[in-house]
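Chemist: There's a structure below that I have some questions on.
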Amino acid sequence: MVTPETPGITIAIIGVGPRGISVLERFGTALIAAQHGRPEQRQLRRPITIELIDKYEVGAGAIWQTQQTRTLCKNTLAGAVTLFTEPGATVTQPVFPGPTIWEWIQLSRGDHPVNVTKHTAELYRAFPTDPQVRAAFAVEFAATTIDTHPSRALYGAYLQWCLRVAEARLPDNVTVRHRVAEVVGITEVSAPSGRNHDMVRCDDGSMLAADATVLATGWTQPALTASEADLADIVADTGLTWVRHGNPVEQHVEELPAGQPVLVRGLGMGFFDLMALVTINRGGRFIADEHARSGLRYQPSGAEPHLLVSSGRGYPYLPKSRYGSLPPAPKLWRTRPALAALPDNAAQGTIDFADTVWPALARDAHEAYYRTLADTRPEAIVGSVDELIAALDAAPIGHFDEGLTAAAAAWVPNAADRLSLAHEADRVGRTQLPPAEFTEFIAEQVTADLAAADAARTSPVKNGLWELAASRQAVALKTAGGRTTPGSRGLVADYFALARQAGSGPPAFRTQQLLALVDAGIVSFVGGRPTVRIDRDGDGAASFVMTSDATEGHEFRATALADAWMYSPDIRRPGTQLGQQLVGAGRVRPFQVPAAGGSWADTGSPEIDRGTRRVVRVDGSIDPRLHVIGIPTYAQEPDTTISPAPGTDATLLQETDATATSLLSMVEV
């Protein structure tokens, strides 16, 4: 065990998925840069031990475990994912380029891609993919193109290759140790020698003394809410089945009964994962069928349940467009200058989003829509499209885009041809239909969504919504951290919700599968804003009952309920022993945002020092050792959930670089 008396320094990186690996790479690059010009290029003055600790799999983490089912895929295209910095990146340490996952796949299967730089090709020759990995993923390697969605297991294999590269580049007297364990406590220790440190305690009973710690734990789920805890108690007493929210690969979907109705809450990516797990992974097959409206026909195995699905909106996330390539760059004619006019470090509560940003976003979406409409169906527009755009620029804008939709009427006489962002944000609206009719109502719209996804560049609605979806990173960087006024925060939330609905939806093939399951009677839609209760019949048998106004209050009954989502981490109700211990010790405090009436409101994120990523303690001081990065910091640090994409100056790589720079300050190079 490393002790405070050990010469040298110990760093613990807890959570070794994309962020933990990137911290290691950035730290290694920082060490190399700090040694520049010294004769002993591979030696440091003090030895360093880096402990890589992950509860699941070092180098893959929870979401990207390499041994998980290949059914679950990444929600990002192969050509749009990297873990390496690029020339021009906003980082303090030198850039270290490397392959995207698409380039790594090409190199792994023996291709000679012309787009790969000499540096990347040489890097791969020095670190070729392990033959066992090539064999395990040979089928997927062969089928992958720049615009396919890699399996999560394959992305995990890419991450482990990146970890191998990062470890190999470290100076000679840096030792890396892997531990598969859950960290359950981090306690400050004041040593007589004056070397204060963190004592890191794992669930296997092991402990280590760390001079610095980095928490890169990702989607750590919070404790149950009071109502969820009550539900858990009732379920335990009644024998009902409740599959709780969480990482789909860890949810106990095997408990959902075959051939029986199952109530489901959630219509985002978590739902599409659950849908695939209870159909494909139970022996069902999707077969190409040109006569089916989805292009697929489902052949059931008999082992799948009947999914009765609801969500807040009651409508599935929209399928991603099939461009046959990476998505096009958004235009953002007005949005870019509007954001550029905002100060980079605006004070909290000072940006009126409704006045400064939303008008540009809404008008950009409408211009992209109507220019595409003019190109593809010019007969739908009366007069000049330029005159229409000028009228939109002069029109007032309501909470969403009511004014723009109304202004377009003079040029676009058919209401069905006009863009309404308010409608796109709420496809169900006040619709009330009997259950079977409601499911068909949703299915008809989903069919149109698939057609739009296939049209891609020639779809007016896809081009309009893409302006909103593709602007998320830029908007978040300017407005996160409580910088928007309390009065405009509702509109901010509505914008991001619509942008996620449009841009974070499933691959189009998942929407095809959903529609095939509807046609096979495996999936039915319940509606939005559902209520769930537990009833007992005359014999005392219990069941869940779900209702929604959209299906006229019809009572959908089942003995199983599945929640198909993941909560964001929340230190106000930490769900892990480690989180509870850090909060109890005053080591972290909630990041606050301005609220109405001049007050302040806690968020679920721990407050961090942005320059170092070290946490801010309850007393307001910056912790000397503990760093928190990634998803848990969502309220203060924007864009923390998105995988780094080439050419985007990814926020994730900026934060891991800042963390590595902080670690470097603790090392005598």
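The values are calculated or read from the model by the stated rules, or taken from the named source; none is laboratory data. Please read these numbers as outputs of a predicted model, since none were measured by experiment. All Cβ positions, glycine included, derive from the backbone under ideal geometry; neighbour counts span all protein chains shown. What goes into the accessible areas is simple: the full protein's heavy atoms, side chains included, and nothing from ligands, DNA or RNA. Shrake-Rupley method; radii C 1.70, N 1.55, O 1.52, S 1.80 Å.
Chemist: For the range 182-229 and the range 516-573, what is the centre-to-centre distance using only Cα atoms, to the nearest Å?
Modeler: Taking the Cα centre of each part, the range 182-229 and the range 516-573 sit 37 Å apart.
Chemist: Starting from the 7 Å offset along Cα-to-Cβ, what nm value, one decimal, do you get for the label separation of PHE496 and ALA258?
Modeler: 4.3
Chemist: Something else about it: State the extension gain, in nm to one decimal, for the chain segment bounded by ALA391 and MET666, taking 0.36 nm per residue of separation less the distance between their alpha-carbons.
Modeler: Contour length minus Cα-Cα distance gives 93.1 nm.
Chemist: Report the full-extension gain for the segment ASP537 to ARG573: residue separation times 0.36 nm, less the Cα-Cα distance, to one decimal in nm.
Modeler: 9.4 nm is the gain from fully extending ASP537 to ARG573.
Chemist: Taking Cα centroids, how far is the range 601-618 from the range 317-350 in Å?
Modeler: Measuring centre to centre over Cα atoms gives 26 Å.
Chemist: Can you grab the distance from the C-alpha centre of the range 631-669 to the C-alpha centre of the range 63-96, Å, no decimals?
Modeler: Rounded to whole Å, the Cα centres lie 13 Å apart.
Chemist: Follow-up. Once a ≥ b ≥ c are taken as the square roots of the eigenvalues of the Cα gyration tensor of the range 514-573, is the result rounded (a/c under 1.5), prolate (a/b larger than b/c) or oblate (a/b not larger than b/c)?
Modeler: Here the range 514-573 falls in the oblate category.
Chemist: Does anyone have the angle between helix 651-664 and the longest principal axis of the chain? Alpha-carbon axes, 0 to 90°, nearest 10?
Modeler: The two axes meet at around 10 degrees.
Chemist: Can you give the angle from 0 to 90° between the axis of helix 358-376 and the longest principal axis of the chain, with both taken from C-alpha atoms, to the nearest 10?
Modeler: 60
Chemist: Per DSSP H run of at least 4 residues, take -39500 (n - 2.57); add these up for the chain, divide by its residues and hand me the 222 nm value, nearest 500 deg cm²/dmol.
Modeler: Value at 222 nm, helices only, nearest 500: -10000 deg cm²/dmol.
Chemist: Which percent, to the nearest 5, of DSSP beta bridges fully inside the chain are antiparallel?
Modeler: Approximately 45 percent, going by the DSSP bridge assignments.
Chemist: Could you list the trypsin sites (Lys or Arg not before Pro) in the range 174-255 that lie in coil according to DSSP, counting only those with at most 14 other Cβ atoms within 10 Å of their Cβ?
Modeler: none
Chemist: If the cut-off is a Cα-Cα distance under 21 Å, which lysines reach LYS478, setting aside same-chain residues fewer than 8 apart in sequence?
Modeler: Here the lysines satisfying the reach criterion relative to LYS478 are LYS331.
Chemist: Ok, one more. Pull up the cross-link candidates among the aspartates and glutamates for LYS320, meaning alpha carbon to alpha carbon under 16 Å and not fewer than 8 places away within one chain.
Modeler: Straight-line reach from LYS320, under 16 Å: ASP147, ASP273, GLU424, ASP449, ASP454, GLU467.
Chemist: Starting from the Cα of ALA229, step 7 Å along the direction of its Cβ; do the same at ARG177; then give the gap between the two resulting points in nm.
Modeler: Result for the modelled spin labels: 3.7 nm.
Chemist: Please tell me the relative contact order of the range 17-158 in percent, rounded to the nearest whole number, where contacts are Cα pairs under 8 Å and at least six residues apart. Spell out each step's value before the answer.
Modeler: Values: 154 pairs, mean separation 45.5, N = 142.
Rounded, it is 32 percent for the range 17-158.
Chemist: Could you work out how far apart the two model spin labels at TRP333 and MET199 are, taking each label as a point 7 Å from the Cα in the direction of the beta carbon, and quote it in nm?
Modeler: Label at TRP333, label at MET199, 6.5 nm between them.
Chemist: Just check the range 210-276 against the gyration tensor rule for me: Cα atoms, a ≥ b ≥ c as the square roots of the eigenvalues, rounded for a/c under 1.5, and otherwise prolate or oblate depending on whether a/b exceeds b/c.
Modeler: Oblate shape, in that a/c is at least 1.5 and b/c is the bigger or equal ratio.
Chemist: For LYS55, give me every one of the aspartates and glutamates with a C-alpha distance below 15 angstrom, ignoring sequence neighbours fewer than eight places off in its own chain.
Modeler: GLU182, ASP203, ASP204, GLU250
Chemist: Shape call for the range 261-392 from the C-alpha gyration tensor, a ≥ b ≥ c root eigenvalues: rounded (a/c under 1.5), prolate (a/b greater than b/c) or oblate?
Modeler: oblate
Chemist: To the nearest 0.05, how large is the calculated FRET efficiency for HIS291 and THR71 if R₀ is 25 Å and r is the Cβ-Cβ distance?
Modeler: 0.45
Chemist: Ok, one more. Tell me, what % of the accessible area of the chain is carbon and sulfur with a 1.4 angstrom probe? Display every interim value, and only then the final one.
Modeler: Values: 14090 of 26490 Å².
After summing per-atom areas, the C and S share lands at 53 percent.
Chemist: Per residue, how large is the accessible surface of the chain? Use a 1.4 angstrom probe and give square angstrom.
Modeler: 40
Chemist: Multiply the residue gap between HIS399 and SER325 by 0.36 nm, knock off their C-alpha separation, and tell me the result in nm, one decimal place. Write down the numbers at each step before the final one.
Modeler: On the way: separation 74, 0.36 × 74 = 26.64 nm, distance 3.48 nm.
Separation in residues times 0.36 nm, less the Cα-Cα distance, equals 23.2 nm.
Chemist: Give me the percent relative contact order of the chain, please, defined on Cα pairs under 8 angstrom at least 6 residues apart. Don't jump to the answer; show the numbers that get you there.
Modeler: Values: 1330 pairs, mean separation 134.2, N = 669.
Dividing the mean separation by the residue count of the chain yields 20 percent.
Chemist: While we're on this one: Please express the Cα-Cα pair-distance distribution P(r) of the chain as a list of whole percents, one per 10 Å bin, running from 0 to the bin with the greatest distance.
Modeler: 3, 14, 23, 26, 21, 10, 3, 0, 0
Chemist: Starting from the Kirkwood Rh over alpha-carbon pairs, what translational D in µm² s⁻¹ does the range 69-215 have by Stokes-Einstein at 20 °C and 1.002 mPa s?
Modeler: 119
Chemist: So, one more: Once the cut-off is 17 Å, how many percent of the Cα-Cα pairs in the range 98-142 end up in the long-distance tail?
Modeler: 24
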